[in-house]
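**Student:** This is the structure, below, for whatever I ask next.
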There are 2 protein chains.
Amino acid sequence: MTADNEARVKAMAAKAASYVLARAPSPVRSRALLNMADRIWERREEILKANALDLEDFKSRGGSGALADRLLLNEKRLKEACDGLRQVASLQDPVGEVVEGWRTRHGLEIRKVRVPLGVVAVVYEARPNVTIDISGLAIKSGNAVVLRGGAEAINSNRAIVGAMKAGLEGLVPVDSIQLIESTDRRLVDELLKLDELIDVAIPRGGASFIKHVKEIATVPVIETGAGNCHIFVNLDADFEMANRIIVNAKVQRPSVCNAVRKVLVHRDIARDYIPLLMEAMRKHSVRVRGCEVTRSIAGDVEEATEQDWYEEYMDLTLAVKVVNSVEEAVEHINRYGTKHSDAIITKNIRDANYFTWNVDSACVYVNASTRFTDGGQFGFGAEVGISTQKLHARGPMALRELTTTKYIIMGDGQLRE
Amino acid sequence: MTADNEARVKAMAAKAASYVLARAPSPVRSRALLNMADRIWERREEILKANALDLEDFKSRGGSGALADRLLLNEKRLKEACDGLRQVASLQDPVGEVVEGWRTRHGLEIRKVRVPLGVVAVVYEARPNVTIDISGLAIKSGNAVVLRGGAEAINSNRAIVGAMKAGLEGLVPVDSIQLIESTDRRLVDELLKLDELIDVAIPRGGASFIKHVKEIATVPVIETGAGNCHIFVNLDADFEMANRIIVNAKVQRPSVCNAVRKVLVHRDIARDYIPLLMEAMRKHSVRVRGCEVTRSIAGDVEEATEQDWYEEYMDLTLAVKVVNSVEEAVEHINRYGTKHSDAIITKNIRDANYFTWNVDSACVYVNASTRFTDGGQFGFGAEVGISTQKLHARGPMALRELTTTKYIIMGDGQLRE
């Protein structure tokens, strides 16, 4: 194998493994996850050493801050990831579920059954714990996986994948987990064109990377991530609840996709509420940009340009706009949003219903923080990513989202008329 | 509007309409379908005249045979399509269904609800009745649709769409149905890149067209159609049933995607069964190509090349291969097939189960003709196409496959820890 054909060779190995893995009984797949956790924990020293090497390289090239923190592994994080594997192992197996079934007028018995997708390719950022989460979800759901993590985490990923493969031994094909080791970006492009081998590609990362993947891929893609999330403070909102939720959604982790980027305020409460919002934002060092009305109320606020309404701020920036109605709020969100997570703060059912059914997003909240859009928070044990497209899966993706269905049709000689 | 921006202008109109349509109550959408049927039937003379024009053009350019027959409308076919609309109108509305729901440990109430996709773009062959089927399914499921039918059917489609739009008047936005009238192929390519406006593109047609769409599209695509379908005659098969099913699947309509292209025969019965199969094929003018063993048994049979096993014959050609086991049959199908429809003829449960769970296709049959893979035959009223990919929808696509889900989350001030 040369670097040139690494993508194809590993995808082929994954494909071959996937057919055997798909036949593995549920307890065998769950046992594989427990063994993966055990092997990772046994080799924690080796893994943390590899991670230290990655961090050193990263910092020597000037890396720091949030990105370095995402790259970092320590015993606690490794233990959490291993606990995650054990939790996913204990979840109900999606494979084999009979989703529905009926008998046709010809006497054919049709069953729609849940089966693994086959080979899942995930291209993700330099977060080594994600390597563990995704592999666990894939194996549990009967899928082989081709991993391509951020180049900065290559040593960590190599050590982790080695341990996980050891966990598969004697249970399911070791080839079920494949790590692309070349850091050449062209390999990603190649991977995205292996139609016969890859059943779905899940890119994680920034908006420009996702766009690139969509343009280049011929394999089916599930788009993840970009989160220009909104919170609409309705005319009957509890101001304190609104502020608590906005602070939680804005400040806790401003660079993640489910953080809030825009606050819309109903005009009837703008004069009373915006000063309170501004105070809370100032207290948490949030820079506010505003529409004209907001600025006329709040004074010292930078102007939000048309581009601002599209922007997914990665820092403590928030844009505020006053709208005339829940209808205008919905329209604004559907126009400028990224179909990720949006919330309304309100007391009345009519507006809550209008908002939840008409905002065209994966997750629509009433009186709660957008930060809950997460596989773990939803109770899925882990997540592969958050789908912002509408096909196949929408919102946090976990076990069931890594399956497809097929029809099994039993007859006794039926012919079509 | 110039031909240059027709795709964008019409997709924008469809997008705007889709938000209003999605809010239309279920009975209003069903009523729209009934009105569409009434308007089409009232204008049947005009529609048939337009169709006669299309046919004349087509034949003057040398068109004939199966393609001309697909293009042809007559009162009977128009009536069937109108009856189809009425049947779809009476089906259960998929929109609004609560697929599942639970309460999280934070007290959030999560509901996963079914909603329309938004704007569905369908690029299809010159079959004017398909224009009616797809529009009916789209409107019933709350989706706006952008239609781009085969250039040869442009007059028919214009007349049909005019009648259908008249049926929408006063109920849902007339813009919910859009027909691309320019026959310039570049418009299809443009349509496939309108990420902000098109929620899914469904291409129908030949393998090379589907391949082109996958390469060029940045909008999500559901791949349809190519059908290199297999029937495996197992060692315990009822020979007469096998022949009846193979004749039905091969001869009835050899150019459709669910027709059989390959027969695999278990080696233990090859010597007894292949002569019977050959006789039946001769009787129905089917040309047979064979593997070496087949040829040694059947004598006068053309050699099947490696390429033949991949081929989706559009005529009365069939390739026959002798295999050593059900395992080898499954392996062959997964290697050369198109994941559409495959069947086993057998009496024993073990082989039936092995085959159905391990053949990686949308529809897997035991003792029945592959020709049943069809929305109508499955009881869906009509179909948009048959998905041969694994994401979102697999097999015949109808109302439910034109929906997505979203999460609605009700809280009372929950913050993420």
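**Student:** Report, by residue number, each residue of the range B:346-358 that is among the β-branched types (Val, Ile, Thr) and touching a residue at least 60 places away in the same chain (Cβ under 8 Å).
**Tutor:** Passing the criteria: only B:Thr346.
**Student:** Given the residues A:Lys321, A:Lys390, which is the only one that is farther than 30 Å from B:Ala237 by Cβ, more than 13 Å from chain B (Cβ to nearest Cβ) and surrounded by 19 or more Cβ atoms within 10 Å (Cβ to Cβ)?
**Tutor:** A:Lys321
**Student:** Something else about it: Where residues in the range B:364-380 are out of contact with any Ser or Thr (no Cβ under 8 Å at 6 or more places or on another chain) and more than 7 Å from chain A (Cβ to nearest Cβ), which of them is farthest from B:Ala329 (Cα to Cα)?
**Tutor:** Ranking the qualifying residues of the range B:364-380, first place goes to B:Phe380.
**Student:** So B:Arg244 fits all but one of (1) in contact (Cβ under 8 Å) with a residue 24 or more places away in the chain; (2) surrounded by 17 or more Cβ atoms within 10 Å (Cβ to Cβ); what number is the exception?
**Tutor:** B:Arg244 satisfies all of (1) in contact (Cβ under 8 Å) with a residue 24 or more places away in the chain; (2) surrounded by 17 or more Cβ atoms within 10 Å (Cβ to Cβ) except (1).
**Student:** Which residue is nearest to the chain's Cα centre (by Cα), if the candidates are limited to the range A:108-139 and must be part of a loop (DSSP other than H, G, I, E, B) and among the aliphatic types (A, V, I, L, M)?
**Tutor:** It comes out as A:Ala126.
**Student:** Please return the ranges of strands (runs of 3 or more DSSP E) entirely within the range A:297-380 where 3 or more residues are in the same structural domain as A:Pro254 (by TED's automatic domain parsing), under 19 Å from B:Arg103 (Cα atoms) and among the hydrophobic types (A, V, I, L, M, F, W, C).
**Tutor:** Correct list: A:363-368.
Table: residues versus (1) more than 14 Å from every other protein chain (Cβ to nearest Cβ); (2) over 20 Å from A:Leu147 (Cα atoms); (3) touching a residue at least 12 places away in the same chain (Cβ under 8 Å); (4) in a helix (DSSP H, G or I).
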residue	(1), (2), (3), (4)
A:Met12	no, no, yes, yes
A:Ala17	no, no, yes, yes
A:Met36	yes, no, yes, yes
A:Ile40	yes, no, yes, yes
A:Glu45	yes, yes, no, yes
A:Ala52	yes, yes, no, yes
A:Asp57	yes, yes, yes, yes
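**Student:** Just checking, how many residues over the range B:297-353 are of a type in the set (Ser, Thr, Tyr) and within 18 Å of B:Arg282 (Cβ to Cβ)?
**Tutor:** 2
**Student:** Can you name the condition, by its number, that B:Ala343 falls short on among (1) of a type in the set (A, V, I, L, M, F, W, C); (2) within 8 Å of another protein chain (Cβ to nearest Cβ); (3) in contact with a Phe, Trp or Tyr (Cβ under 6 Å, 6 or more places away or on another chain)?
**Tutor:** (2)
**Student:** Here's a follow-up. So, in the range B:373-387, exactly how many residues are surrounded by fewer than 24 Cβ atoms within 10 Å (Cβ to Cβ) and of a type in the set (A, V, I, L, M, F, W, C)?
**Tutor:** Here the count works out to 2.
**Student:** Looking for whichever is at pLDDT below 95, at the interface with chain B (Cβ under 10 Å from one of its Cβ atoms) and surrounded by fewer than 18 Cβ atoms within 10 Å (Cβ to Cβ) here; the options are A:Arg105, A:Arg111. Which one fits?
**Tutor:** Residue meeting the stated conditions: A:Arg105.
**Student:** I'd like to verify a number: residues in the range A:153-187 that are acidic (Asp, Glu) and modelled with pLDDT of 95 or more, how many?
**Tutor:** Matching residues across the range A:153-187 total 2.
**Student:** Does the range A:194-205 contain any residue that is assigned by TED's automatic domain parsing to the domain that holds A:Glu46, over 29 Å from A:Tyr19 (Cβ atoms) and surrounded by fewer than 24 Cβ atoms within 10 Å (Cβ to Cβ)?
**Tutor:** So far as the range A:194-205 goes, yes, one or more of its residues are assigned by TED's automatic domain parsing to the domain that holds A:Glu46, over 29 Å from A:Tyr19 (Cβ atoms) and surrounded by fewer than 24 Cβ atoms within 10 Å (Cβ to Cβ).
**Student:** While we're on this one: Take the residues of the range A:129-160 that are of a type in the set (A, V, I, L, M, F, W, C) and under 16 Å from A:Arg39 (Cβ atoms): which is surrounded by the fewest Cβ atoms within 10 Å (Cβ to Cβ)?
**Tutor:** Restricting to residues being of a type in the set (A, V, I, L, M, F, W, C) and under 16 Å from A:Arg39 (Cβ atoms), the top hit is A:Ala159.
**Student:** Something else: Return a yes/no flag: does the range A:382-394 have any residue that is under 12 Å from the mean Cα position of the chain (by Cα), part of a helix (DSSP H, G or I) and at pLDDT below 95.
**Tutor:** no
**Student:** Let me ask something else. Restricting to the range B:346-360, name every residue that is at the interface with chain A (Cβ under 9 Å from one of its Cβ atoms), touching a helix residue (DSSP H, G or I) at 6+ places or on another chain (Cβ under 7 Å), under 19 Å from B:Val265 (Cβ atoms) and crowded, with 21+ Cβ neighbours inside 10 Å.
**Tutor:** Matches in the range B:346-360: B:Val359 only.
**Student:** Oh, and also: Quick check on this structure: which one of B:Val288, B:Val256, B:Val260 is under 20 Å from B:Asn367 (Cβ atoms) and of a type in the set (Val, Ile, Thr)?
**Tutor:** That would be B:Val260, the only listed residue that is under 20 Å from B:Asn367 (Cβ atoms) and of a type in the set (Val, Ile, Thr).
**Student:** Right, A:Val95: within 24 Å of A:Ala13 (Cβ to Cβ), part of a loop (DSSP other than H, G, I, E, B) and at pLDDT 95 or above or not?
**Tutor:** yes
**Student:** I've got another one for you. Restricting to the range B:395-405, count the residues that are within 8 Å of chain A (Cβ to nearest Cβ) and either touching a Lys or Arg at 6+ places or on another chain (Cβ under 6 Å) or within 15 Å of B:Val88 (Cα to Cα) (or both).
**Tutor:** Residues meeting the conditions: 2.
The values are calculated or read from the model by the stated rules, or taken from the named source; none is laboratory data. The structure displayed is predicted, hence computed values, not measured ones. Methodologically, a virtual Cβ is constructed for each residue, glycine included, from the backbone with ideal geometry; neighbour enumeration extends over all protein chains shown.
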